[in-house]
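Before any comments, here is the structure.
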Amino acid sequence: GFSVLKLWADLYPDDIDVHTLLAAVYEQRGDVENSISEYKRILELDPEKYEVFQKIAILLKNDGQFDEALNYFNLYAKHFPNKYESFSEIGDLYLTYGDYEKARTNLEKASIIAPDNISVLKSLADIEMKLGNLEKSQSLYHDAINICKTANDSAEVYESLMSYYYFTGQTNKVLEYTELAQ
């Protein structure tokens with residue numbers, strides 16, 4: 001397994017495939033530093049492997065290195081301005097910071113690119129709820145319900161609506177959506 005990969009990397013240091021595999025193995029082992037190091041090596045070998053920016057950013061975010069993660073998410077968005085993930089990831093990071101305005105701005109961009117993305121709509125609804133814009137929040141949750149294609153999607157949105165109604169003190173609606181979520 002792992003020792004073979006390390007040997008392969010020693011024998012073929014310019015092989016992007018081995019560095020990709022090593023990065024994944026390090027990530028599985030929880031070794032963020034070495035995983036990031038392998039991804040950076042990939043970028044040295046091929047500076048146009050822009051998708052690696054996202055992988056590094058996610059590792060940094062999960063490791064609590066938010067400022068550095070934001071830098072890599074922005075690099076990813078610069079090269080993939082038509083992918084909703086570029087902006088949803090940045091929006092989610094700003095949510096982690098508690099900067100709802102910047103989160104909203106980025107999630108709205110993601111929503112324009114992928115208007116049928118349920119998780120983006122739910123995140124936008126969550127922001128509106130936290131900001132006290134309850135009617136807008138409720139409207140966004142219902143927009144999300146209307147585009148659900150699977151039972152799992154619906155259950156996920158119903159759970160968010162349960163939280164919304166709990167937050168707004170509408171316990172009868174909590175019970176209604178509890179039944180729908182099952």
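The values are calculated or read from the model by the stated rules, or taken from the named source; none is laboratory data. Note that this is a predicted model, so its numbers are computed, not measured. With ideal geometry, Cβ positions are generated from the backbone for all residues, glycine too; neighbour counts draw on all protein chains shown. To get the accessible areas, we keep the full protein, side chains included, count just its heavy atoms, and leave off ligands, DNA and RNA. Shrake-Rupley method; radii C 1.70, N 1.55, O 1.52, S 1.80 Å.
For D126, the conditions (1) more than 23 Å from F167 (Cβ to Cβ); (2) at pLDDT below 95; (3) within 16 Å of the chain's Cα centre (by Cα); (4) of a type in the set (D, E, K, R) are fulfilled apart from (1).
So, P13, is that one open to solvent by 70 Å² or more (accessible area, probe 1.4 Å) and not in a helix (DSSP H, G or I) or not? Judged against the criteria, P13 is not a match.
In segment 86-104, the residues that are farther than 19 Å from A114 by Cα form Cβ pairs under 6 Å with partners that are surrounded by fewer than 14 Cβ atoms within 10 Å (Cβ to Cβ), at six or more places apart or across chains, as follows: Y100/L131. Within segment 1-20, residues that are of a type in the set (S, T, N, Q) sit with their Cβ atoms under 9 Å from residues that are surrounded by 11 or more Cβ atoms within 10 Å (Cβ to Cβ), at 6+ positions apart or across chains, in these pairs: T20/E38; T20/Y39; T20/I42; T20/V52.
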